[in-house]
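Everything on this sheet refers to the single structure shown next.
The values are calculated or read from the model by the stated rules, or taken from the named source; none is laboratory data. Since the model is a prediction, treat every value here as computed from it, not as a measurement. Counting neighbours? That spans all protein chains shown, and the Cβs are built from the backbone with ideal geometry, glycine included. The area values use the complete protein model at the heavy-atom level, side chains included, leaving out ligands, DNA and RNA. Shrake-Rupley method; radii C 1.70, N 1.55, O 1.52, S 1.80 Å.
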Amino acid sequence: MPHDDDQDIPLLAGTVRQPDGTPERLRRQIEFIMEADRLKNVFRRSPLLSADRRENDAEHSWHLALMTLVLTEYADVPVDAGKVLALVVVHDLVEIYAGDTFLYDTAAAADQEEREQRAADKLFALLPDDQREHFRALWDEFEARVTPEARFAKAMDRLQPLLLNYGNRGGTWRTPGVTEDDVLARKSVIKDACAELWRYAQDLIHTGAANGWVPRGDSCS
């Protein structure tokens, strides 16, 4: 969770002098790209499969992009893979300032939207006006989940940590108070975009519960 003053931290670009004569548009684009480097230091709760540490947001976004390239054939309706790629690359950038909100932390979720809206205002304002509007529109589209591409992007966002938790024999499922029912409820948005992947996700969750990696919920007791 970020501190209250994280909205006011100096830009990384302020520590790097750009060459004299750099065009204003390019300068702003490079400042945005430099600031995005902060995403590599925003750590999620999900444990990696390949190392004994948690993944960071940049790794998460890359993994969603790869999943998009591999799994778009399972979308219930045809989607523009390029648009989905743009959505998954942009969707977590606001966490540079807002921090990652753990999926099962209801207290932290109370002001999540407010924190992320403020972060979006700050971050995308670094870009030239036309790109600011474009990137903000992508982020808003992902959050709204109205388009087929946004629904599929959200499905990838919920499926990816599920794979990590299953592969780690529990992972964040072992958080006190989290049950099989909680996991099913939080992951259910997958069915809005791809019925076959939702069936697969349920199989993973039920198998995890059967193996004792997540406690059975009330509906299964």
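In segment 41-63, is there at least one residue being of a type in the set (D, E), more than 22 Å from the chain's Cα centre (by Cα) and modelled with pLDDT under 95?
Checking segment 41-63: not a single residue is of a type in the set (D, E), more than 22 Å from the chain's Cα centre (by Cα) and modelled with pLDDT under 95.
Return the pairs, sorted by first residue and then second, in which the second residue is surrounded by 15 or more Cβ atoms within 10 Å (Cβ to Cβ) and assigned to a loop (DSSP other than H, G, I, E, B), the first residue lies in segment 67-85 and is of a type in the set (V, I, T), the beta carbons are less than 7 Å apart, and the residues are 6+ apart or on different chains.
Pairs found: T72/V79.
Could you please give the count of residues in segment 14-59 that are touching a Phe, Trp or Tyr at 6+ places or on another chain (Cβ under 6 Å), open to solvent by 30 Å² or more (accessible area, probe 1.4 Å) and in contact (Cβ under 8 Å) with a residue 12 or more places away in the chain?
1
Looking only at segment 109-116, decide whether some residue is assigned to a helix (DSSP H, G or I), touching a Ser or Thr at 6+ places or on another chain (Cβ under 8 Å) and of a type in the set (A, V, I, L, M, F, W, C).
yes
Would you check which residues across segment 164-178 are open to solvent by 60 Å² or more (accessible area, probe 1.4 Å) and part of a helix (DSSP H, G or I) and list them?
Y166, R174
Which of the residues spanning segment 95-151 are open to solvent by less than 20 Å² (accessible area, probe 1.4 Å) and either aromatic (F, W, Y) or more than 30 Å from L184 (Cα to Cα) (or both)?
Scanning segment 95-151 gives Y97, L123, F124, L127, P128, W139, F142.
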